[in-house]
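Throughout, read-outs are computed from the coordinates displayed, never taken from laboratory work. The structure displayed is predicted, hence computed values, not measured ones. Please note: Cβ atoms are built from the backbone with ideal geometry, for glycine as well, and neighbour counts cover all protein chains shown.
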Amino acid sequence: MGMVEAVRAIKAPVESVWNCLSDIEHTPEWVIGLKSVKVTSDSPRGVGTSYHDYNQIGPFVQASSWSITSFDPMTKQIHESTSSLLPTTITFNLMPMADGTFVHMVVDYRFWPRLGIASRVFERLVMNHLLGLILRKNLGNLEDFIRC
């Protein structure tokens, strides 16, 4: 399984960062390759919230179903997708700092699990590096989005 982490100290209060992470419909404004998101559950944001996204990295557009599986206000969110092409778990950990918020983002994934060993080799040689770059850029985009 592939795993990538990114961290950033964002110069914004933890409430602002939390609210942006919880505002799923607006994530395409700061996540690279995310074309659109549609929340499919009626409940307030939290455990059980489900949504679909359309993500394009490279030439392929992938539709994925997601659900929030952990939601500890101002501290932690976990979003999971059971996509057959790219099953993924994204964890956001937030920690207040004197001048902002420390954000730790972890993405655990499997690229095309049916490929077996070839999938794991591709994850190690290509995907971990590319996703690391994208995650760091996304956290920078998140900070810019919060400022606007």
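At-a-glance table
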item: Distance between segment 1-75 and segment 85-148 - C-alpha centres, whole angstrom; result: 11
item: Dipole magnitude (debye, nearest 20) for segment 2-147, charges at Cβ of Lys, Arg, Asp, Glu; result: 480
item: Förster-model FRET efficiency, 30 Å R0, LYS11 and HIS129, C-beta, rounded to 0.05; result: 0.65
item: For segment 80-148, alpha-carbon Rg and Dmax in angstrom; result: 14.9, 46
item: Tilt relative to the chain, helix 128-147 - C-alpha long axis, 0 to 90 degrees, to 10; result: 20
item: Kirkwood hydrodynamic radius of the chain, Cα pairs, Å; result: 15.7
item: Segment 10-17 - phi-based ³J(HN,Hα) in whole Hz, Karplus 6.51/-1.76/1.60, Gly and Pro as x; result: 9, 7, 7, x, 4, 4, 5, 5
